[in-house]
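Novice: Can you keep this structure in mind? I'll have questions shortly.
The values are calculated or read from the model by the stated rules, or taken from the named source; none is laboratory data. In this text, all values refer to a predicted model and were calculated from it rather than measured experimentally. Don't worry about glycine lacking a Cβ; one is built from the backbone with ideal geometry, like all the others, and counts go over all protein chains shown. Accessible surface areas use protein heavy atoms only, side chains included; no ligands, DNA or RNA. Shrake-Rupley method; radii C 1.70, N 1.55, O 1.52, S 1.80 Å.
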Amino acid sequence: MTLHGVGRRADKEAPARCQARFSPGARWTVCLTTSAGLLALASHTRAQVPATVNVAVDATAAGMPIERVWPLHGYDEINYTTVPEGKALLGTIAAAHTAPVYIRSHFLLNTGDGTPALKWGSTNVYTEDGGGNPVYSWTLTDGIMDTITGVGAFPFVEIAFMPEALSTHPAPYRNVSTFALNGGCFYPPTDYTKWAGLIREWAMHANERYPRVEANWLWELWNEPDSGYWHGTFADYAKLYDYTESALHEVMPNAALGGPAVVNAGGTFLTQFLQHCATDTNAVTGQTGTRLDLVTFHAKGGVAITGDHVEMDLGNQLRLHQSGFTAVAAFSQFKQTPIYITEADPDGCAACPASSDPADAYRNSAAYGAYEIAMMKHTLELEAEVGIKLGGLLTWAFTFPGTSYFPGYRALATNGINLPVMSAFKLLGRLAGTRLPLSSGGALSDILTNGVRGQPEIDGMATLDNATVQVLVWNYHDDIVTVAATPVHLAIQVPASFGSSVRISHLRVDDTHGDAYTVWMSQGMPASPSAAEVAALQQAMDPSPLVPDATLAVPADGSVGVDFDLPRFGVSLVTIQSAARASDGGAIGSGGNTATGQGGSTSSPARTSGSGCVCGVAGRGEGAASAAALLGMVMLALAMCVRRRSARTADTQHCAGGKRARFARCP
C-alpha cells in the first residue's frame, strides 16, 4: 500500500480513498504493517561513525539584528485558550521567547456557548434580536484575549468565521462531523454592511479594553479560503476583505491587516487576491485597489512512511515558501509588504493523532524540534534570496486537553508535560541581538532540490547580545532512522573585550535531554502516571546541560573551541561570556548546575585543554538510546492502533464531506 505524504492537494477521488483507508479494518492494516516495518528498523543502530563537522562563528564581525521570525503560535480550538492546561502552556510559550509572542486561533467569531471541542470553537459575539438588529457580546472573547495578553503575548487576530445570524447557509451551522468542513460558519454573509458593523464594534471594544492594540496586534481575514473553509467565490472573499479593511481602519487607521491565508501559495487564489488589492475596484469605496498591510499563506512540508521508516520533507516545505514569496515579489507594490506564513508545519492535520497515521509519531520525538529550527533558518535565507520581507513563521501546535498522554497530536505539550519540540523552542527563543556569521555544512540550494536525504545537515545560527555569544547548532535529516551521532567541532572567534578567559555553558535537547517522552517510555508508558512519575516527567521536559559550565583561557588567536557529539535531531545551545562578566552576575545558561542527561544518561564532565578547547563529549551510548526511543515510539503507535480498532470514534468520519484526503491535507 502506498502512503501519500502530507502537503499536497487531493484529487477529486480523494474523499472516497480516505474513507477506505480509514475504515476500522483498513486503519488496523495500515498501522500494523507500518509499525512492523519500523520495528525492524528501530531494533538496530547503523554503526558507521560520521566525520567531524566543523562549525565556525566570528563574534568579532559586524552583523545585523537577528530576525526572530519564530515566536508565533496557533491552534484550531480557541476555547482551549482559557482552560487551565491552555493557560499554563501560553505562559510557557511566552516565557520561552525573548521577542514578542503572537497567538492565532480559529473560530473567533463563531456562534455558540464557548464549550471547548476538537476542531471547533465559539464566542457568540454576534446574534440578532427579533427585529434583525445586531446584538454583540464580548464576554467569551474578553476571556480569551485577557488570557493571551495576560501572559505578555499579542493576538494575531484571525477574523473568522461567520456568525450563524449572518450566514447565507445557517443550517447546519456546525460541521456534521469533527473533520468535515460543511457548516454554515464557512459561508459568506447575508449582509456585508452588518459584517462591517461587527468588525467595527469588535475593533472599538478591543481598542478600549487593551493597551496599544493598534500598534501591536496583527489582523488577518479568514483561514484558507481556497479550501473548504470558504463556501463562496473568490469575488465573495475579495468583497469581504474590502468591507473588513474599511471597518477596521475606520477605528484603527494604523492597524496591520492582511490575508488571504491560502493553503496553496502556488495556486491562483493568492495571485488573484494580490491583483485585487493592487488594481481592482474596491467594493466599498469604488476606487482602485484595497489597502494590504501584510500577506499570509500556509505551507505544510509532508511526512510519510518510506520503506521501513518515517520520512519528513523539509525540501518541499521550503519550496512552498519559495513559491509564495515569488508570487508576492511579482507585485512591485507588495514586494516589501511583510509576509507571514501563518501555518508552517511538517504535516497537515494537528488534530489527527498518530493512531490515525503512524507517520505522525515523529511529533513526540526530537525530530519535530530540529525540523522547525532548520525550517526557520532556511526560510530566512529564502527571504534574502527572493528579496521579500518576512514577518514571521507560525507553528500550528498547542495542546489537546482531556486526551491521553503522548497520543501523537501535533502539539507542544500533553497533559501539562512539554514535548521535545517545546524544549527546542526554548533554545531557539533565547537568540537575540546581532546575528553573527556562521559557517557549516548547510546549503539551501541543495535542500530545495533534494531535501535532506544524503548527509545530515549540521547547521546553526549565532548571535552577540550584551557581551554574550550564543550559538545554536542542530543535526537534521529527513529520515527518522537511528544512526551514530556526528562529532562537531565548534570554533568561536571571541571579541578582545571578553578578556583572557570565558565561561561556557552548553544546553541540549535530544533523546536524553529535554525529552520527557523517552522518560515516559522508560516508565512503561503509563496511561495514568503516578505523582512521582509525573514529577519525573516534569523534571525531564526542559533543556538540560550537556556538561557542567566551564571556565577556560582564551588562546592568543582568540579562537575558543568546543567539541561534542550531536545525535540526529539533537539541538545544542552554547553560550559564551567573559568570565569576569559571568562572575559579576551575568546570565549564563545552566548556572553551573551539574549536567545530567534526562532518561538515565549521564554526561561526561567538561575537559578544558590548554589550547582553549572544551572537550565535553556526550556519551557514546547515544545511538542505543536513540534506538530505544524510536522503538518506543513505534510500540506506542502500534498500541494506539489496537485501541482505535476496538472503539469507533469521530475519526472514522474523517473525510466525510471534506475537500481533501487525510494523507493529502487535513482540513
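Novice: Taking the alpha-carbon centroid of each part, what is the distance from segment 220-262 to segment 287-313 in angstrom?
Specialist: 19 Å
Novice: In a shell of Cβ-Cβ distance under 14 Å around E128, excluding E128 itself, what net charge do Lys and Arg (+1) and Asp and Glu (-1) give?
Specialist: -3
Novice: Near K119, which aspartates and glutamates are there with a Cα under 13 Å away, not counting those fewer than 8 places off in the same chain?
Specialist: D76, E77, D651
Novice: At 1.4 Å probe size, put D142, D347, D113, D280 in order of accessible surface, largest to smallest.
Specialist: The ranking, largest first, comes out as D113, D280, D142, D347.
Novice: Evaluate the distance, in nm, between pseudo-label points positioned 7 Å from the Cα of W138 and of N216 along their respective Cα→Cβ axes.
Specialist: The two pseudo-label positions are separated by 1.6 nm.
Novice: Just to be sure I understand the model, the point goes 7 Å from the Cα along the line to the Cβ. What's the resulting A99 to K87 distance in nm?
Specialist: Taking the two extended label points, one gets 2.9 nm.
Novice: Right, here's the next one. Taking only the alpha-carbon atoms of segment 384-462, what semi-axes of the equivalent ellipsoid follow from 5 times the gyration tensor eigenvalues under a square root, in whole Å, largest first?
Specialist: Its equivalent ellipsoid spans semi-axes of 30, 17, 14 Å.
Novice: Roughly speaking, what is the stretch gain from T434 to T285, that is 0.36 nm per residue apart minus the C-alpha to C-alpha distance, in nm to one decimal?
Specialist: Working it through step by step, the gained length comes to 49.2 nm.
Novice: Tell me which residues come under 5 Å, amide H to amide H, from V554 once H is placed; ignore anything under 5 positions away on its chain.
Specialist: Residues meeting the criterion, in which the H sits 1.01 Å from N, are S501, V502.
Novice: Can you compute the equivalent ellipsoid semi-axes for segment 225-350, i.e. the square root of 5 times each eigenvalue of the Cα gyration tensor, sorted largest first and rounded to whole Å?
Specialist: 31, 15, 13
Novice: Apply the a/c threshold of 1.5 to the C-alpha gyration tensor of segment 259-414 and tell me whether it is rounded, prolate or oblate.
Specialist: prolate
Novice: Please list, ordered by chain and number, the residues whose modelled amide H lies under 5 Å from the amide H of A350; skip anything fewer than 5 residues away on the same chain.
Specialist: For A350, whose amide H was placed from the backbone, there are no distant partners under 5 Å.
Novice: A further question on this structure: Using only Cα atoms, what Kirkwood radius does segment 338-450 have, in angstroms?
Specialist: 15.6 Å
Novice: What are the trypsin sites (Lys or Arg not before Pro) within segment 190-244 that DSSP puts in a loop, where the Cβ has at most 14 other Cβ atoms within 10 Å?
Specialist: Loop-located and lightly packed - R212.
Novice: For a Förster distance of 60 Å, can you work out the FRET efficiency between the beta-carbons of S445 and A496, rounded to the nearest 0.05?
Specialist: Computed FRET efficiency for S445 and A496: 0.95.
Novice: Moving on. Which cross-chain or sequence-distant (5 or more) residues have an amide H under 5 Å from the amide H of D459, H modelled 1.01 Å from N in plane?
Specialist: Close amide H contacts, sequence-distant or interchain: W474, Y476.
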